[in-house]
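Take a look at the structure below.
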Amino acid sequence: MDEDARADLAAIRQAIDDGRRFAAGGGGYMILWGGVIGLGQLATYATVRARLGLDLDVLWATLIPLAWAATLLLVWREIRMRQVRTLASRVLSMTWFGCGITLSVLYLATVLTGGFQPGWFLAISAGTMGIGFFATSYYCAYGWMRGVAIAWWLGEAACFAWRSELEILVLSGIMMLLLLALPGIVLLRRPEPALAEA
């Protein structure tokens, strides 16, 4: 193998290691959002099904801003701790930030215009999460994340098929916990790759 090929392979390995290091740090975000949204959806289902009297507008108007505030605190902490921002960290953070912005804007636009349809929104959310996991799986070379992406897309199809059923909230809540929060736990428990020698 010539020197150019060796240098290319070393750069690819470094990018994968950088991506894995960043993904491990992203586990906290996945736990945060998967837990907040998943438990919020289950609480919404329980409230509607059992007529608990919980004001769902207040619930979601509280949960989403608090989750964004916690996200910004995590970002601030990361910025203070991380001395070098790699290309991998920028690509992955912008991929997931873009997914979050997309879903937040869609949610606000549909709620504010009175066009919110939970079944459609949950299907679009599942598809968007699939995109985030699929992109991350290739950048980090984590094959198991491709399986998570496929599970999200299958969930998207199920959410679309059952979009008019109240139980879609249970399905989506469980998906958030199992396909977002649980992978976050897996990432936090994985050892970070060692920094490559310069």
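Condition (residue is at positive phi, of a type in the set (Gly, Ala, Ser) and modelled with pLDDT under 95) applied to segment 130-148: is it met by at least one residue? Reasoning before the result, please.
First, the residues of segment 130-148 that are at positive phi: 141.
Imposing the further condition that a residue be of a type in the set (Gly, Ala, Ser) reduces the set to 141.
From the residues that got through so far, the ones that are modelled with pLDDT under 95 too are 141.
Yes, segment 130-148 contains at least one residue that is at positive phi, of a type in the set (Gly, Ala, Ser) and modelled with pLDDT under 95.
Output the residues belonging to segment 69-92 that are hydrophobic (A, V, I, L, M, F, W, C) and surrounded by 14 or more Cβ atoms within 10 Å (Cβ to Cβ). Walk me through it before giving the result.
In the first step, residues of segment 69-92 are kept if they are hydrophobic (A, V, I, L, M, F, W, C); the result is 69-70, 72-76, 79, 81, 84, 87-88, 91-92.
Those that are hydrophobic (A, V, I, L, M, F, W, C) and surrounded by 14 or more Cβ atoms within 10 Å (Cβ to Cβ): Ala70, Leu74, Ala88, Val91, Leu92.
Among the numbered criteria (1) modelled with pLDDT of 90 or more; (2) within 17 Å of Val36 (Cβ to Cβ); (3) surrounded by fewer than 16 Cβ atoms within 10 Å (Cβ to Cβ), which single criterion is violated by Ser104?
Every condition holds for Ser104 apart from (1).
With respect to Ile31, is the statement that it is under 24 Å from Met129 (Cβ atoms), modelled with pLDDT of 70 or more and either part of a helix (DSSP H, G or I) or in contact with a Lys or Arg (Cβ under 7 Å, 6 or more places away or on another chain) (or both) true? Before you say what the answer is, go through the steps one by one.
Numbers: under 24 Å from Met129 (Cβ atoms): yes; modelled with pLDDT of 70 or more: yes; either part of a helix (DSSP H, G or I) or in contact with a Lys or Arg (Cβ under 7 Å, 6 or more places away or on another chain) (or both): yes.
The answer is yes for Ile31.
Hey, can you tell me all the residues within segment 45-65 that are of a type in the set (S, T, N, Q) and in contact with a Gly (Cβ under 8 Å, 6 or more places away or on another chain)? Step through it out loud before you land on a result.
As a first pass, look at segment 45-65 and keep what is of a type in the set (S, T, N, Q): 47, 62.
Scanning segment 45-65 gives a single hit, Thr47.
Looking at segment 140-148, is at least one residue within 21 Å of Gly34 (Cβ to Cβ) and basic (Lys, Arg)? Walk me through it before giving the result.
Start the filter on segment 140-148 by keeping residues that are within 21 Å of Gly34 (Cβ to Cβ), which leaves 140, 142-148.
Checking the rest, the ones that are also basic (Lys, Arg) come to 146.
Among the residues of segment 140-148, at least one is within 21 Å of Gly34 (Cβ to Cβ) and basic (Lys, Arg), which makes the answer yes.
With respect to the numbered conditions (1) under 15 Å from the mean Cα position of the chain (by Cα); (2) closer than 19 Å to Leu187 by Cβ, which one is the sole condition not fulfilled by Gly143?
For Gly143, the failing item is (1).
Taking segment 34-57 on its own, how many of its residues are touching a residue at least 40 places away in the same chain (Cβ under 8 Å), crowded, with 18+ Cβ neighbours inside 10 Å and either small (Gly, Ala, Ser) or under 23 Å from Gly130 (Cα atoms) (or both)?
5
Please identify the pairs in which a residue from segment 58-82 that is closer than 11 Å to Leu32 by Cβ and of a type outside the set (Gly, Ala, Ser) has its Cβ atom under 8 Å from the Cβ atom of a residue that is modelled with pLDDT under 90 and surrounded by 13 or more Cβ atoms within 10 Å (Cβ to Cβ), counting only partners at least 6 apart or on another chain.
Trp68/Ser104; Thr71/Tyr29; Thr71/Gly100; Leu74/Gly28; Leu74/Tyr29
The values are calculated or read from the model by the stated rules, or taken from the named source; none is laboratory data. Worth saying up front: this structure is predicted, and the values here are computed from it rather than measured. Cβ atoms come from the backbone with ideal geometry, glycine included; neighbour counts cover every protein chain shown.
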